[in-house]
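Novice: So that we are looking at the same thing, I have put the structure below in structure tokens.
The values are calculated or read from the model by the stated rules, or taken from the named source; none is laboratory data. Quantities reported herein were computed from a predicted structural model and do not represent experimental measurements. FYI the Cβ positions are ideal-geometry reconstructions off the backbone, even for glycines, and counts take in every protein chain you see. The accessibility values were calculated without ligands, DNA or RNA, using every heavy atom of the protein model including side chains. Shrake-Rupley method; radii C 1.70, N 1.55, O 1.52, S 1.80 Å.
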Amino acid sequence: MQFRKAEVGETAAIAAMWHKGWHEGHAAHVPGDLVATRTIEEFRTRTAGYIAQTTVLEVDGQIAGFHMLDGDELYQFYVATDFRGSGVAAALMRHVEEALGGRQAWLACAVGNARAAAFYEKCGWRQAATEEYLVETADGPKAVSCWRYVKDLPPAA
């Protein structure tokens, strides 16, 4: 396993993973008009805009997962289907927590995404609130009901 900054040439691969994972985890829990905007093209555009804030986890030459950070927020976190259940998610989360060390980090999880919520709780994150979270769309921000998870992280060693 190797962590590294994402490269511009990987935008399409990261966007494809994000698109697939987003639809698997969120489509059933958010408004239909938001789901309709979540095309592969939109994910490519969004990925390109966050590529400098993206870290990938590479396993045997393949991108096994990625995360995007935005200030104190774990903005995005996805693991490729073929690597689920392999320990990649736990390793990726440890990397996130080291990167955000020394502060209270937070993330938004769509209300109803029980699989993601269970993972965050297993990693020691706690649900602090249910709130309206503004998500990006090509038509401007849209409010989505989310669980806010937080974790007080020690400074990186």
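Novice: Could you list, in sequence order, the residues of the range 53-103 that are in a helix (DSSP H, G or I), in contact with a helix residue (DSSP H, G or I) (Cβ under 9 Å, 6 or more places away or on another chain) and open to solvent by 50 Å² or more (accessible area, probe 1.4 Å)?
Specialist: Residue satisfying the conditions is THR81 alone.
Novice: Another question, then. In the range 90-110, is there at least one residue being touching a Pro at 6+ places or on another chain (Cβ under 8 Å), over 15 Å from GLY21 (Cβ atoms) and among the hydrophobic types (A, V, I, L, M, F, W, C)?
Specialist: No, the conditions are met nowhere in the range 90-110.
Novice: Among the residues in the range 37-46, are any aromatic (Phe, Trp, Tyr), closer than 21 Å to MET93 by Cβ and either open to solvent by less than 60 Å² (accessible area, probe 1.4 Å) or assigned to a helix (DSSP H, G or I) (or both)?
Specialist: The answer is no; no qualifying residue exists.
Novice: Let me ask something else about it. Cβ-Cβ under 6 Å, sequence separation 6+ or interchain: first residue in the range 28-52 and farther than 15 Å from ASP139 by Cα and in contact (Cβ under 8 Å) with a residue 12 or more places away in the chain, partner of a type in the set (A, V, I, L, M, F, W, C) and open to solvent by less than 60 Å² (accessible area, probe 1.4 Å). Which pairs?
Specialist: HIS29/ALA110; VAL30/ALA110; VAL30/VAL144; ARG44/ALA15; THR47/ILE14; THR47/ALA15; TYR50/MET68; ILE51/ALA6
Novice: Do we find a residue being farther than 27 Å from ALA36 by Cα and assigned to a loop (DSSP other than H, G, I, E, B) anywhere in the range 124-139?
Specialist: The answer is yes; a qualifying residue exists.
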